[in-house]
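Below you'll find the structure, written out as structure tokens, and then a few comments.
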Amino acid sequence: MFNKILIANRGEIALRVIRAAREMGIGSVAVHSTADADAMHVRMADEAICIGPAPGTQSYLNVAAIISAAEITGAEAIHPGYGFLSENANFVQALQDHGITFIGPTAEHIRVMGDKITAKDTMKKLGVPCVPGSDGGVPDLETAYQVGDDIGYPVIIKATAGGGGKGMKLANSRDEMENAFRTARSEGKSNFGNDEVYIEKYLGRPRHIEIQVFGDGNGRAVHLGERDCSLQRRHQKVFEEAPGPAIDEATRAKIGKVCADAVATIDYAGAGTVEFLYEDGEFYFIEMNTRLQVEHPVTEAIFGVDLVREQINVAAGLGMSFEQDDLKINGHAIEVRINAEKVPEFTPCPGKITQYHAPGGLGVRMDSALYDGYSIPPYYDSLIGKLIVHAPDRPAALARLKRALGELIVDGIHTTTPLFHALLEEDAVLTGDYNIHWLEKWLEANT
Ligand code: ADP
């Protein structure tokens, strides 16, 4: 086992990893930008090193500075969290060249899954059902028109390198194709340095269902059921739950096995998420994330496992602590993302926290790096906390969520908490009867 690991991230996810390391008796090294000198992850780690100025490109994305920090402190492995360098194959390669272990899959798996066209092609060959669409990349407008005519409108044009909801454009008809095609390409180019796009059938009312998989890197893999992340704004998740209200045991076992078998075949190591759209009882693969997800705690809650501990164990060559038959679902869990944003506009709202109080009690977990007097810097993602509740069933989890949200105090800035208070009054949310477009429509009608 490692003596010391470095966490190449900030905020709540850095704390999450430090906590797992400490329970395992492993030392932790925090890295931070100059803007984060007073951040909680710096205070909580055993050691901390400044790796550059405030902008992420000069600090949390600065590969040379991070490798130097690991070498100076003697950290043997690096956990990337999510975002930043977590899905950067070149970073993983650089660590390998320096003899530092990456806590995650191989550079090759990250590369394959990071390019959505290659990912889809690979998954298709492994027997995973995909959204109908173009056969690989669509090089020009003429081909795009052909694909549109073949699969039928509406279609969605997606940048192969896209992520975070960027580089995706809807074309409702042939007339809208030219504009959507050009915009998706230019967004791909400007955001991800790659203008290659592909086309998919646009599904009108699917749910977003993702399967948590975990592999030991040696041909063994399990699944830990699904998460339903259908409540989304601008293709970004805001509310996630497990198990999914629309998924029964037989459906879970079937799609779970398809995913576990697929990642076992490629000797996948560590945590991964296979994302699907689910409509009329059919699953359609959209992408695979080769890292720990923001919403992993709902899976941890219902299965009673520590996914970060498992990631560290697998990276250290100790394998997974569970087999498929050990994994049984207990109860229901929901996570809401607390962002420093003013609703209903969702404008970022950094600033000083004058008072912070985290909810508590049975079945309540608050993953956050906030503290009284903390100043949220304006440079990073607006996620400032995740409130996760766990209860014996869905109605009890909803009641617990409402109770816990009522206890949360974040004064001094605006947060997305009022959105969740309002959503918990909605029948569709209470019954779980929604799809990926529901929240956008609700926001339009209610703001
Ligand atoms: P990203 O990598 O940017 O997160 P994804 O491919 O995972 O992009 O898609 C994100 C979200 O976009 C999905 O959860 C869904 O809401 C929407 N989406 C993606 N593909 C389709 C599709 N073919 N039809 C309808 N909605 C889609």
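Structure notes:
- Qualifying residues in segment 151-173 (those that are of a type in the set (D, E, K, R) and modelled with pLDDT of 95 or more) - the one farthest from Tyr284 (Cα to Cα): Lys169
- Test: Arg365 is surrounded by 19 or more Cβ atoms within 10 Å (Cβ to Cβ) and within 16 Å of the ligand (Cβ to nearest atom): no
- Test result for Ala250, more than 16 Å from the ligand (Cβ to nearest atom) and without any contact (Cβ under 8 Å) to a residue 40 or more places away in the chain: yes
- Odd one out for Asp135, checked against (1) more than 30 Å from Ile199 (Cα to Cα); (2) at pLDDT below 95: (1)
- Out of Ile338, Ile266, Ile329, sole residue that is away from the ligand (no atom under 16 Å from the Cβ), farther than 30 Å from Gly204 by Cα and touching a strand residue (DSSP E or B) at 6+ places or on another chain (Cβ under 7 Å): Ile329
- Filtering segment 114-135 to residues that are touching a residue at least 12 places away in the same chain (Cβ under 8 Å) and more than 16 Å from the ligand (Cβ to nearest atom) leaves Leu126, Gly127.
- Filter result for Ala94 (within 16 Å of the ligand (Cβ to nearest atom) and not charged (D, E, K, R)): no
- Annotation: Glu196 fulfils all but one of (1) open to solvent by 30 Å² or more (accessible area, probe 1.4 Å); (2) modelled with pLDDT of 95 or more; (3) farther than 20 Å from Gly114 by Cβ; the unmet one is (3).
- Across segment 265-282, not a single residue is classified as β-branched (Val, Ile, Thr), surrounded by 21 or more Cβ atoms within 10 Å (Cβ to Cβ) and over 17 Å from the mean Cα position of the chain (by Cα).
- Residues of segment 269-291 satisfying the condition of being of a type outside the set (D, E, K, R), assigned to a strand (DSSP E or B) and within 16 Å of the ligand (Cβ to nearest atom): Gly272, Thr273, Val274, Phe276, Leu277, Tyr278, Phe283, Tyr284, Phe285, Ile286, Met288, Asn289
- Elements of type strands (runs of 3 or more DSSP E) contained in segment 1-119, each with 1 or more residues being under 24 Å from the mean Cα position of the chain (by Cα) and crowded, with 21+ Cβ neighbours inside 10 Å: 4-7, 27-33, 77-79
- Residues in segment 208-233 that are farther than 17 Å from Lys257 by Cα and within 9 Å of the ligand (Cβ to nearest atom) were compared, and the one that is surrounded by the fewest Cβ atoms within 10 Å (Cβ to Cβ) is Gln232.
- Screening the candidates Leu423, Leu443, Leu430 for the property of being over 22 Å from Asp248 (Cα atoms) and surrounded by fewer than 19 Cβ atoms within 10 Å (Cβ to Cβ) yields one hit, Leu443.
- For segment 168-186, the candidate set comprises residues that are more than 10 Å from the ligand (Cβ to nearest atom) and open to solvent by less than 50 Å² (accessible area, probe 1.4 Å); within that set, the residue that is farthest from Met113 (Cα to Cα) is Ser173.
- Looking across segment 231-250, just one residue is polar (S, T, N, Q) and closer than 14 Å to Val429 by Cα, and that is Gln232.
- Every residue from segment 311-328 that is crowded, with 17+ Cβ neighbours inside 10 Å and assigned to a loop (DSSP other than H, G, I, E, B): Ala316, Met320, Leu327
- Set Val294, Val238, Val258, Val308: member being open to solvent by 10 Å² or more (accessible area, probe 1.4 Å), more than 16 Å from the ligand (Cβ to nearest atom) and among the β-branched types (Val, Ile, Thr): Val258
- Here Leu430 meets the list (1) under 17 Å from Glu240 (Cβ atoms); (2) more than 16 Å from the ligand (Cβ to nearest atom); (3) touching a residue at least 60 places away in the same chain (Cβ under 8 Å); (4) in contact with a Leu (Cβ under 8 Å, 6 or more places away or on another chain) almost entirely, failing just condition (3).
- Residue that is least open to solvent (accessible area, probe 1.4 Å), among those in segment 142-167 that are within 19 Å of Ser190 (Cβ to Cβ) and either among the charged types (D, E, K, R) or away from the ligand (no atom under 15 Å from the Cβ) (or both): Lys158
- The number of residues in segment 271-290 being among the small types (Gly, Ala, Ser) and under 14 Å from Arg252 (Cα atoms) comes to 1.
- Scanning segment 375-390 for residues that are of a type in the set (D, E, K, R) and either open to solvent by 30 Å² or more (accessible area, probe 1.4 Å) or in a helix (DSSP H, G or I) (or both) yields one hit, Asp381.
The values are calculated or read from the model by the stated rules, or taken from the named source; none is laboratory data. Computed from a predicted model, the values in this text were never measured in an experiment. Virtual Cβ from ideal backbone geometry, glycine too; neighbours counted across all protein chains shown. Ligands, DNA and RNA are excluded from the accessible area calculation, which covers all protein heavy atoms including side chains. Shrake-Rupley method; radii C 1.70, N 1.55, O 1.52, S 1.80 Å.
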